[in-house]
1. Could you tell me which residue of region 165-191 is surrounded by the fewest Cβ atoms within 10 Å (Cβ to Cβ), considering only residues that are touching a residue at least 40 places away in the same chain (Cβ under 8 Å) and in a strand (DSSP E or B)?
2. How many residues does region 103-150 hold that are outside any helix (DSSP H, G or I) and over 26 Å from the mean Cα position of the chain (by Cα)?
3. Name the single residue, out of those in region 53-70 being modelled with pLDDT under 85 and surrounded by fewer than 13 Cβ atoms within 10 Å (Cβ to Cβ), that is farthest from residue 10 (Cα to Cα).
4. Taking the conditions exactly as written (in contact with a strand residue (DSSP E or B) (Cβ under 9 Å, 6 or more places away or on another chain) and over 29 Å from residue 200 (Cβ atoms)), does residue 155 satisfy them or not?
5. Among the numbered criteria (1) at pLDDT 95 or above; (2) over 21 Å from residue 168 (Cβ atoms), which single criterion is violated by residue 181?
């Protein structure tokens with residue numbers, strides 16, 4: 001009989017790109033009875049496995065997956081923890097004398113952190129956008145980006161860019177689709193990327209919220225987004241923003 005708890009644990013592992021391996025021992029009291037382990041897609045052991053099979057308790061595997069998910073959430077939400085500054089050592093006090101101690105200089109004011117902003121993409125952004133798209137894994141030249149921007153502007157679906165210190169550091173695209181089976185247009189986030197050196201400022205969240213606002217104004221009642229199966233950190237990011245996994249995408253090159 002199937003164990004609901006193990007079935008749920010198996011689904012959690014699958015969402016993390018891993019596979020839950022269950023012990024084949026069916027006799028209670030045996031050493032490996034009820035044990036589980038985790039492997040990657042190729043079958044390489046990841047957690048709770050030895051040469052003979054699973055050796056971990058289900059709750060230990062559950063804790064491992066929960067900790068793994070927590071790490072991905074931090075990465076997908078651009079959370080950066082700045083190291084604490086060490087306190088300067090107090091210099092040794094001089095021997096007491098009749099002179100007044102010199103006043104300590106005021107500490108320098110900390111430099112304010114740059115604030116990101118969102119605006120509509122312009123043709124002059126083409127070079128920076130080509131670099132961002134290439135970083136995401138879709139090589140494209142500046143000329144084609146400029147051509148695509150012009151076409152999207154005519155459709156009133158210009159992408160949005162994130163600015164930080166007067167530099168383009170993020171990109172998201174939107175699209176509205178009218179379908180025969182829905183009572184309102186379907187919104188779609190076609191691309192979302194933030195430069196590696198600009199992560200840690202909440203730019204990904206800002207871009208998604210700005211895209212949702214435009215699609216809402218366009219009459220869309222739902223928003224969908226596609227993410228590669230290998231990008232577990234991106235999946236955690238979208239789930240944290242309220243998105244749910246609803247389908248499997250199929251594609252064919254024409």
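1. Checked region 165-191; the qualifying residue surrounded by the fewest Cβ atoms within 10 Å (Cβ to Cβ) is 176.
2. First, the residues of region 103-150 that are outside any helix (DSSP H, G or I): 103-122, 137-141.
Filter once more, so that each one left must be over 26 Å from the mean Cα position of the chain (by Cα): 103-111.
Final tally of qualifying residues: 9.
3. 70
4. Numbers: in contact with a strand residue (DSSP E or B) (Cβ under 9 Å, 6 or more places away or on another chain): yes; over 29 Å from residue 200 (Cβ atoms): yes.
When the stated conditions are applied, residue 155 passes them.
5. Among (1) at pLDDT 95 or above; (2) over 21 Å from residue 168 (Cβ atoms), the lone unmet condition for residue 181 is (1).
The values are calculated or read from the model by the stated rules, or taken from the named source; none is laboratory data. Just so it is clear, the model here is predicted, and its values are computed rather than measured. Note that each Cβ is placed from the backbone with ideal geometry, even for glycine, and that neighbours are counted across all protein chains shown.
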